[in-house]
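What follows is a short report on a single structure.
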Amino acid sequence: METVYVLINVESGAVESVIKKITEMKNVKDAAVVTGAYDIVARIEGEYITDVLTSVIRGIRQMEGVTSTETLVVVKL
């Protein structure tokens, strides 16, 4: 199982609609509105890293209201 955390910035006033869409995505296991440099943090899991990253690229990054993302890939040591 592969896991990434996605740090997401959204347009002003779009947090509620974006978090709703993100939590409805198939591979999203958890998402929360946060304070600080980012607006939302999402945990995405999938069998293959390509599946997980596709969820970010074709899903989250293309959502209306999303202005930027930063993806953190979990490394198993």
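The values are calculated or read from the model by the stated rules, or taken from the named source; none is laboratory data. Because the structure is a prediction, the values reported are computed rather than measured. All Cβ positions, glycine included, derive from the backbone under ideal geometry; neighbour counts span all protein chains shown.
Couple of notes before you dig in:
- Positions within segment 1-26 being under 19 Å from V75 (Cβ atoms) and within 10 Å of the chain's Cα centre (by Cα), in sequence order: V4, Y5, V6, L7
- Looking across segment 1-11, not a single residue is over 15 Å from Q62 (Cα atoms), modelled with pLDDT of 95 or more and assigned to a loop (DSSP other than H, G, I, E, B).
- Single residue of V56, V52 found to be within 12 Å of E2 (Cα to Cα), of a type outside the set (D, E, K, R) and not in a strand (DSSP E or B): V52
- In segment 23-49, residue nearest to V4 (Cα to Cα) [restricted to those that are out of contact with any Leu (no Cβ under 7 Å at 6 or more places or on another chain), outside any loop (DSSP other than H, G, I, E, B) and aliphatic (A, V, I, L, M)]: I44
- Residue that is farthest from T71 (Cα to Cα), among those in segment 39-59 that are in contact (Cβ under 8 Å) with a residue 24 or more places away in the chain and more than 11 Å from the chain's Cα centre (by Cα): E47
- Within segment 19-31, residues that are surrounded by fewer than 18 Cβ atoms within 10 Å (Cβ to Cβ) sit with their Cβ atoms under 6 Å from residues that are assigned to a helix (DSSP H, G or I), at 6+ positions apart or across chains, in these pairs: M25/G59.
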